[in-house]
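Structure first, commentary second.
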Amino acid sequence: MALAIFDLDNTLLGGDSDHAWGEFLVEQGIVDAEAYKQANDYYYQAYLNGTLNINEFLQFSLKPLSQHSTKQLTQWHQQFMSEKIEPLMLEKATKLLNDHRDQGDYLLIITATNAFVTSPIAERLGVDHLLATTPEFLNGRYTGQVSGTPCFQGGKVKRLHNWLTATSHSLAGSFFYSDSHNDLPLLEEVDNPVAVDPDDTLREVAQTNGWPIISLR
């Protein structure tokens, strides 16, 4: 059994679930529309540019979770799944997951987007396990803070190795699929790195290293 590891946003999904959640909050009037949209777009562009301050972004993105009950958040997320995530599902991504599943591989999503947003998406995709940035949860509510290492850039490598230590899995024969140059630290760790609809920086690195480049769009 090999590990088949997947980035989520703009890889298995035809868009970014973190940014889409911010758009949903704006559209539903849950946050201050103008200020939140401006910040949400700013941080997303910083992510694309490779200049994102992850801790600053998490202070922004996790704050709304602390302002509402888990019951209300769950209701909103169900609507979010229907309105925002289902349209981002990709047939080719489903086929890729099924191909690895049929080969007996272990399917793992590893994403910087927080687990509140991504856990239902990972469940929808039917993967075996999710590693995501963990929002702190105390006394039945989200605190607005992050718990542990954010699952971003080198943090993905750290979180993955911690998980490997705690399980019987290894990186022997492993795959990692990603669209983003932010994932180069993890792409360089696996036996089979694959660039999926890559950004310009990742495409150049993939071409230089002879990594496969595929499209799921």
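Some notes on this structure:
- Contact map, region 144-170: first residue closer than 11 Å to Leu58 by Cβ, second residue part of a helix (DSSP H, G or I) and charged (D, E, K, R), Cβ cut-off under 6 Å, separation 6 or more or different chains; pairs are Gly144/Lys63; Cys151/Arg159.
- Filtering region 167-184 to residues that are closer than 17 Å to Ile109 by Cβ and more than 15 Å from the chain's Cα centre (by Cα) leaves Thr167, His169, Leu171, Ser174, Phe175.
- A count restricted to region 171-190 and to residues that are over 17 Å from Ala132 (Cα atoms) and either in contact (Cβ under 8 Å) with a residue 40 or more places away in the chain or β-branched (Val, Ile, Thr) (or both) stands at 7.
- Residue pairs whose Cβ atoms lie under 7 Å apart, separated by 6 or more positions or on different chains, with the first residue in region 4-21 and under 17 Å from Val157 (Cα atoms) and the second open to solvent by 10 Å² or more (accessible area, probe 1.4 Å) and among the aromatic types (Phe, Trp, Tyr), are Ala4/Tyr106; Ala4/Phe175; Ile5/Phe175; Phe6/Tyr177; Asp7/Tyr177.
- Ile54, sole failed condition from (1) surrounded by 14 or more Cβ atoms within 10 Å (Cβ to Cβ); (2) touching a residue at least 40 places away in the same chain (Cβ under 8 Å); (3) among the hydrophobic types (A, V, I, L, M, F, W, C); (4) over 23 Å from Phe137 (Cα atoms): (4)
- For region 8-38, taking the residues that are among the aliphatic types (A, V, I, L, M), more than 13 Å from the chain's Cα centre (by Cα) and in a helix (DSSP H, G or I), the one that is surrounded by the most Cβ atoms within 10 Å (Cβ to Cβ) is identified as Leu25.
- Look at region 196-217: where a residue is at pLDDT 95 or above and open to solvent by 60 Å² or more (accessible area, probe 1.4 Å) and a partner is basic (Lys, Arg) and part of a helix (DSSP H, G or I), sitting 6+ places away or on another chain with Cβ atoms under 7 Å, you get Ile213/Arg203.
- Screening the candidates Leu96, Leu73 for the property of being over 15 Å from the mean Cα position of the chain (by Cα) and more than 30 Å from Val190 (Cβ to Cβ) yields one hit, Leu73.
- Looking across region 56-71, the residues that are assigned to a helix (DSSP H, G or I) and either farther than 14 Å from Ala112 by Cβ or of a type in the set (Gly, Ala, Ser) (or both) come down to Gln59, Ser61, Lys63, Pro64, Leu65, Ser66, Thr70, Lys71.
- In this entry, Leu97 is excluded by the filter for residues that are in contact with a Lys or Arg (Cβ under 7 Å, 6 or more places away or on another chain) and not small (Gly, Ala, Ser).
- In region 89-125, the residues that are open to solvent by less than 30 Å² (accessible area, probe 1.4 Å) and assigned to a helix (DSSP H, G or I): Ala93, Leu96, Leu97, His100, Ala115, Phe116, Val117, Thr118, Ile121, Ala122, Leu125
- Qualifying residue in region 187-194 (condition: within 21 Å of Leu12 (Cα to Cα), in contact with a His (Cβ under 6 Å, 6 or more places away or on another chain) and either surrounded by 23 or more Cβ atoms within 10 Å (Cβ to Cβ) or not charged (D, E, K, R) (or both)): no
- Residue match in region 39-47 (condition: open to solvent by less than 20 Å² (accessible area, probe 1.4 Å), in a helix (DSSP H, G or I), free of Cβ contacts under 8 Å to residues at least 24 places away in the same chain and more than 18 Å from Cys151 (Cβ to Cβ)): yes
- Flag for Thr74 being modelled with pLDDT of 95 or more, open to solvent by less than 10 Å² (accessible area, probe 1.4 Å), of a type in the set (S, T, N, Q) and in a helix (DSSP H, G or I): no
The values are calculated or read from the model by the stated rules, or taken from the named source; none is laboratory data. Small disclaimer: the values here were computed from a predicted structure and weren't measured. All Cβ positions, even for glycine, are placed from backbone atoms using ideal geometry, and neighbour counts span all protein chains on display. For accessibility, only protein heavy atoms count, side chains too; no ligands or nucleic acids. Shrake-Rupley method; radii C 1.70, N 1.55, O 1.52, S 1.80 Å.
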